[in-house]
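Working notes, beginning with the structure itself.
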Amino acid sequence: MNGKKRLYLIVFGIFLLGLLLRVYGITSQPPTSDEVASAYAAENYIRHGIFGQIMWYHPQLRNILIYISAHISGGYDAWGLKAASLLTGSLSVVLLAALAYSLSGNMVVAWLSAFFLAVDPLHIALSREAVQAAMTPFFILLGVLFSVEGLKRERLLFHYLAGVSFGLATASKWHGLFPWAMMALFALYDRVKKGESKGLDQWIGLLNAYLLVPVLIYLISYLPWLNRGNDLMDFLRFQMFLVKRQIYHRGPAYAEAFMSHRAWQWFVWPTAWVDFVFLNGRPYLNIAMGNLLVWFLTIPSTVFFFYRWKKQGGRNRLVLLLVFLVSYLPLVFTTRGIWVFSATSVIPFAFLIIAWSTGMLIESGRLKRATLMVYICLVFLLSLVMYPMSTFRAYEHTYLKPIVEHYNPHGKRWSLRR
């Protein structure tokens with residue numbers, strides 16, 4: 001079996017593992033209040049062009065995807081509500097492997113980054129909920145992959161596909177804006193660097209791919225609202241209002257008071273997003289938190305990766321560094337609260353940096369493959385230990401009691417006053 005076929009087999013196995021972790025017991029997982037509201041929001045938006053009942057201040061692709069999946073499934077049951085998240089979350093594992101191999105050309109980097117995402121408890125938890133947290137990074141990864149392929153193959157078609165993907169990412173959540181802008185600038189810079197300043201048709205093609213196409217896709221996602229009689233000026237005014245709304249956004253009182261809401265903490269301190277559900281006379285608790293054995297390697301790996309790039313160069317390394325930094329730093333420096341569920345648009349690139357740094361250490365002989373396998377086993381074991389936290393089963397396991405009590409709102413002194 002040649003190397004590529006072996007890689008395909010390994011990635012397919014990792015994809016199946018990630019899929020299993022995301023769909024197991026999904027029909028018995030209680031819906032959150034946001035998920036119940038998302039069913040009404042999808043119906044009202046598609047049928048009547050009305051925003052609500054939840055997250056109306058985000059772009060509307062989530063409502064479209066939930067509506068489609070619910071009508072394919074036959075209703076707003078667990079599969080109808082969550083199918084879009086389950087599918088995009090699971091397929092993100094494959095996309096990350098493809099992007100890793102396209103950038104690094106290293107099979108270890110490809111399957112290792114895919115493994116990190118497949119077993120990450122935070123990504124698993126949010127792939128099991130009817131929210132944008134799994135949909136947005138899927139389209140971001142797709143856009144970056146197409147952009148990288150467009151740069152490598154010098155074919156305009158891939159840039160157009162990237163534009164469609166970035167439009168869909170931004171229509172899911174505005175986190176798609178940052179990698180979209182970075183890859184657009186990089187594609188234009190690449191043409192200038194190669195001395196291809198002539199050829200007006202190529203420049204127009206790139207501008208169409210990275211400006212006109214994404215904007216058009218974003219606009220199409222608002223068609224149900226526009227069909228209510230709103231025009232483009234109404235659309236522009238509404239987008240400006242949403243910008244102001246996002247600047248002053250505040251989370252629920254409990255989230256503001258007791259959950260970490262600063263992005264700089266994600267890779268240096270255990271950070272969680274918590275959902276409470278009380279259904280049929282019993283409580284359920286979901287504690288979405290990343291695998292610390294992987295997350296805490298992000299900053300040292302980024303520093304190591306940066307120095308390797310400074311020493312050895314490489315366009316692909318620069319692309320990865322930039323797309324990670326432009327995805328992460330705006331969230332670090334924002335003045336409003338940013339909770340860890342937003343990290344799903346950042347961690348694929350963090351995992352790729354960690355995996356690529358690991359690959360370089362293996363190639364240099366500083367890291368033994370046996371040591372890597374021990375580390376992988378420990379990562380997988382910790383993810384299994386944390387799995388009940390990601391599936392609303394935290395109350396059922398006594399070894400999780402200290403963590404459960406830490407997030408118990410009844411054991412804290414707090415006020416609903418803002």
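The values are calculated or read from the model by the stated rules, or taken from the named source; none is laboratory data. Only a predicted model underlies this, so the values are computations on that prediction, with no experimental measurement involved. Cβ sites come from the backbone with ideal geometry, for glycine too, and all protein chains shown count toward neighbours.
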| query | Which pairs do you get when a residue that is of a type outside the set (A, V, I, L, M), found in the stretch 370-384, comes within reach of a residue that is buried (at least 16 other Cβ atoms within 10 Å of the Cβ), reach meaning Cβ atoms under 6 angstrom, with the pair 6+ apart or on two chains? | reply | Phe380/Val119; Ser383/Val119; Ser383/Pro121; Ser383/Asn291
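Conditions (1) charged (D, E, K, R); (2) in contact with a helix residue (DSSP H, G or I) (Cβ under 8 Å, 6 or more places away or on another chain); (3) in a helix (DSSP H, G or I), marked per residue:
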| residue | (1), (2), (3) |
| --- | --- |
| Asp34 | yes, no, yes |
| Ala37 | no, no, yes |
| Asn63 | no, yes, yes |
| Ser69 | no, yes, yes |
| Lys82 | yes, yes, yes |
| Ser85 | no, yes, yes |
| task | Please give the helices (runs of 4 or more DSSP H) falling wholly within the stretch 151-254 in which 1 or more residues are surrounded by 18 or more Cβ atoms within 10 Å (Cβ to Cβ), touching a helix residue (DSSP H, G or I) at 6+ places or on another chain (Cβ under 9 Å) and of a type outside the set (A, V, I, L, M). | result | 156-172, 177-193, 213-220, 223-226
| task | Could you please let me know if Tyr8 is in a helix (DSSP H, G or I), aromatic (Phe, Trp, Tyr) and under 25 Å from Leu142 (Cβ atoms)? | result | yes
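Yes/no matrix, rows are residues, columns are (1) buried (at least 22 other Cβ atoms within 10 Å of the Cβ); (2) of a type in the set (A, V, I, L, M, F, W, C):
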position	(1), (2)
Trp266	yes, yes
Asn280	no, no
Met289	no, yes
Phe305	no, yes
Asn316	no, no
Val332	no, yes
Leu352	yes, yes
| Given the structure, is Val144 surrounded by 24 or more Cβ atoms within 10 Å (Cβ to Cβ) and at pLDDT below 95? | no
| request: Residue by residue through the stretch 156-195, note down the ones that are closer than 23 Å to Pro224 by Cβ and of a type in the set (Ser, Thr, Tyr). | output: Ser165, Thr170, Ser172
| query | Where in the stretch 312-406 are there helices (runs of 4 or more DSSP H), lying wholly inside it, with at least 1 residues that are under 21 Å from the mean Cα position of the chain (by Cα) and closer than 30 Å to Gly150 by Cβ? | reply | 315-333, 347-364
| said: Take the residues in the stretch 268-278 that are part of a strand (DSSP E or B) and aromatic (Phe, Trp, Tyr); name whichever of them is surrounded by the fewest Cβ atoms within 10 Å (Cβ to Cβ). | reply: Phe278
| said: Considering only residues that are under 15 Å from Trp56 (Cα atoms) and in contact (Cβ under 8 Å) with a residue 24 or more places away in the chain, which ones fall in the stretch 227-246? | reply: Leu242, Arg245, Gln246
| query | Hey, among the residues in the stretch 61-82 that are touching a Phe, Trp or Tyr at 6+ places or on another chain (Cβ under 6 Å) and of a type outside the set (A, V, I, L, M), which one's nearest to Ala171 (Cα to Cα)? | reply | Asn63
